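Asks: Below is one structure. I have some questions about it.
The values are calculated or read from the model by the stated rules, or taken from the named source; none is laboratory data. Since the structure is predicted, the reported quantities are computational estimates derived from the model, not experimental observations. Reconstructed Cβ throughout: ideal geometry from the backbone, glycine too, with neighbour counts over all protein chains shown.
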Amino acid sequence: MSKKTATAAHLSDALPERQEGVPVLQIRDLNVRFPSEDGVVHAVRGVNLTVNASEVVGLVGESGSGKSVTSMSVMGLLDEGARVEGSIKLHGTELLGRDDNWMSDVRGKKVAMIFQDPLSALTPVYTIGDQIVEALQVHSKMSDKDAWARAIELLDLVGIPNPEVRAKAFPHEFSGGMRQRVVIAMAIANDPDLIIADEPTTALDVTIQAQILDLLRVAQRETHAGVVMITHDLGVVAGLADRVAVMYAGRVIERASVDDLFYHSRHPYTIGLLGSLPRPDLDKDKPLTPVEGNPPSLLNLPAGCPFAPRCPMTVDACRQSEPELTDTDLPEHEAACIRYGELIDRSYVDVYPQLGQCKSHFKAVLGTSDREALEDVLHVENLVKTYPLMKGAVFKRRVGTVHAVDGISFRIKKGETLGLVGESGCGKTTTIMSILELAKPEAGNVVVLGHDAAKMNARQRKRTRQDLQVVFQDPMASPSGSRRARPLDWSVNPDAGRRQRSCRSSSWPSLRLGTSSSWAMTPPR
């Protein structure tokens, strides 16, 4: 009998209920290991975390630090091959060792999760409204009429325009930001006691981000739910969290109140994260100083402190043994650093070496040359893109027109970077996709690298696409699931007249566009 099965045999089938003086979530000595071809990956190492009712705890750190694995452990959604040890209690009731049927009753009703990737969280073959109705009816006895009315109310609450109509739409008909709002609506549908938000505002523009954060505050206040906010955005943590835990290499390396962490950090890694943020009060020509290097492999952790290879304060003692998370000079402030005392009253510039003024090559060119004399890389003039609004299941008829892009014009010179900003659904992505199509637009002109898209033949279009690339909004849906990623892309060298592998990035501007991730991943035949 496995350890999980043995534990489950002594647990009650009753769902967790709130108890006075008992934390909503209590994690103790959580360890998660995954088997792999190269060995065992120790993804989470001895994590301790407590979340009380009406409290927001921020969980921050770089990608791969163990934040999402910790949250998936709470939800009971880890792969069957994962080995989970320790204790996870909800209202004092142990969650580890439970079977999936019991956890299914808990998920959505007692614990809800806002996933990082909204497209993967939604079922593509069901409408948005049907999916919210299902989430409601699974955990409560609601009629179809009442559940549908509640679904409309939730969509309106999270800022979906015209919710009565959009509830009948499918996920692919929503923008990335709107899909994320739908996922948040599903998460708060049953007034859970614990909300785990895994990067809930990543795909949202700043105005909707503020609305969603306000919505989470309202939900927390009304339900007294505890919230675990997993994010890379320290600005979100500063505005929402009560306490913050910083993770690195599968461990919590600093834990404190949000004010203490931002103003009195006691770990070099935390100071590095804060110092890497762009700030409006800094000179725009002064480069940000990053935390050099990459997180260690969780297959083969270095001896001593895992942050030592990247830390500017490393001494020999740091490489001998890994420091424990201990109390610092501040109350309720813990840090895993043997030199935390030397960080008192020291700022980022005192810890990390600063780079000097470093204007890019292109910026130097633009600063000394007439902009109009520079080569046009992309010229868009009066671009128009519309979509028909149809009605009817069998005999469809056009009842309106969606003006997705209406007369937009801009020009990008060689060496320039253009920022295209706006709220979700304002036409940013449609503009880019219309350009990448390299076809005659409905109205207006698109000139890419000196070639008019309306006049290109198939050969010219194929040749031009070799110099276009795009970073898509959804990384999970972009790469091919059946191919391995290659560190270098295949391209044609026009000078050599033969195919070769090359890294192409230095000679073209910062804005790289493309229409299909498979072009960058698939070698020519």
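Asks: Determine if the range 240-257 includes at least one residue that is closer than 12 Å to residue 55 by Cβ, hydroxyl-bearing (Ser, Thr, Tyr) and touching a residue at least 24 places away in the same chain (Cβ under 8 Å).
Replies: Yes, that holds for at least one residue.
Asks: Considering only residues that are farther than 28 Å from residue 13 by Cα and either among the hydroxyl-bearing types (Ser, Thr, Tyr) or modelled with pLDDT of 90 or more (or both), which ones fall in the range 101-135?
Replies: If the condition is that a residue be farther than 28 Å from residue 13 by Cα and either among the hydroxyl-bearing types (Ser, Thr, Tyr) or modelled with pLDDT of 90 or more (or both), then 120, 122, 123, 124, 125, 126, 127, 128, 129, 130 are the ones that fit.
Asks: Now for a different question. Pick from 46, 58, 64: which is modelled with pLDDT of 85 or more, part of a loop (DSSP other than H, G, I, E, B) and small (Gly, Ala, Ser)?
Replies: 64
Asks: Can you name the condition, by its number, that residue 176 falls short on among (1) out of contact with any helix residue (DSSP H, G or I) (no Cβ under 8 Å at 6 or more places or on another chain); (2) buried (at least 17 other Cβ atoms within 10 Å of the Cβ); (3) farther than 30 Å from residue 92 by Cα?
Replies: It fails just one condition, (1).
Asks: Continuing with this model, one more query. Please identify the pairs in which a residue from the range 436-459 that is more than 14 Å from residue 381 (Cα to Cα) and in a helix (DSSP H, G or I) has its Cβ atom under 7 Å from the Cβ atom of a residue that is among the aliphatic types (A, V, I, L, M) and at pLDDT below 90, counting only partners at least 6 apart or on another chain.
Replies: Matching pairs, first to second residue: 436/468; 436/470; 436/513.
Asks: Run down 94, 80 and say which single residue is surrounded by fewer than 20 Cβ atoms within 10 Å (Cβ to Cβ), touching a strand residue (DSSP E or B) at 6+ places or on another chain (Cβ under 9 Å) and farther than 23 Å from residue 256 by Cβ.
Replies: Going through 94, 80 in turn, just one is surrounded by fewer than 20 Cβ atoms within 10 Å (Cβ to Cβ), touching a strand residue (DSSP E or B) at 6+ places or on another chain (Cβ under 9 Å) and farther than 23 Å from residue 256 by Cβ: 94.
Asks: When you scan the range 182-287 for helices (runs of 4 or more DSSP H) that lie fully inside it, which ones turn up with 2 or more residues that are modelled with pLDDT of 85 or more and within 24 Å of residue 112 (Cβ to Cβ)?
Replies: Ranges flagged: 234-240.
Asks: Going residue by residue through the range 470-489, is there one that turns out to be at pLDDT below 85, touching a Gly at 6+ places or on another chain (Cβ under 6 Å), surrounded by 12 or more Cβ atoms within 10 Å (Cβ to Cβ) and not in a helix (DSSP H, G or I)?
Replies: yes
Asks: OK, next. Among the numbered criteria (1) surrounded by 15 or more Cβ atoms within 10 Å (Cβ to Cβ); (2) in contact with a helix residue (DSSP H, G or I) (Cβ under 9 Å, 6 or more places away or on another chain), which single criterion is violated by residue 440?
Replies: (1)
Asks: Which one of the conditions (1) closer than 27 Å to residue 453 by Cβ; (2) at pLDDT 85 or above; (3) exposed (fewer than 14 other Cβ atoms within 10 Å of the Cβ) does residue 402 fail to meet, given that it meets all the rest?
Replies: The single condition residue 402 does not satisfy is (2).
Asks: Please pick out the residue among 158, 133, 182, 138 that is under 18 Å from residue 108 (Cα atoms), touching a residue at least 60 places away in the same chain (Cβ under 8 Å) and not assigned by TED's automatic domain parsing to the domain that holds residue 424.
Replies: The conditions single out 182.
Asks: Regarding residue 81, is this residue at pLDDT 95 or above and out of contact with any His (no Cβ under 8 Å at 6 or more places or on another chain)?
Replies: So residue 81 does not fit the description; no.
Asks: Going by the structure shown, is residue 154 at pLDDT below 90 and either in a loop (DSSP other than H, G, I, E, B) or surrounded by 16 or more Cβ atoms within 10 Å (Cβ to Cβ) (or both)?
Replies: It is false that residue 154 is at pLDDT below 90 and either in a loop (DSSP other than H, G, I, E, B) or surrounded by 16 or more Cβ atoms within 10 Å (Cβ to Cβ) (or both).
Asks: Could you tell me which of the residues 450, 400, 422 is over 33 Å from the mean Cα position of the chain (by Cα) and closer than 30 Å to residue 212 by Cβ?
Replies: Result: 400 is the single residue among 450, 400, 422 that is over 33 Å from the mean Cα position of the chain (by Cα) and closer than 30 Å to residue 212 by Cβ.
Asks: Determine which single condition residue 318 fails, assuming it passes every other condition in (1) assigned to a helix (DSSP H, G or I); (2) at pLDDT below 90; (3) in contact with a Gly (Cβ under 8 Å, 6 or more places away or on another chain).
Replies: Going through the list (1) assigned to a helix (DSSP H, G or I); (2) at pLDDT below 90; (3) in contact with a Gly (Cβ under 8 Å, 6 or more places away or on another chain), residue 318 breaks only (2).
Asks: Starting from residues that are touching a strand residue (DSSP E or B) at 6+ places or on another chain (Cβ under 9 Å) and surrounded by fewer than 13 Cβ atoms within 10 Å (Cβ to Cβ), keep the ones in the range 347-372 and report whichever is modelled with the lowest pLDDT.
Replies: Only one residue tops the list, namely 371.
Asks: Step by step: first the residues of the range 157-173, then only those that are assigned to a helix (DSSP H, G or I) and within 24 Å of the chain's Cα centre (by Cα), then the one that is surrounded by the fewest Cβ atoms within 10 Å (Cβ to Cβ). Which residue is that?
Replies: The residue in question is 172.
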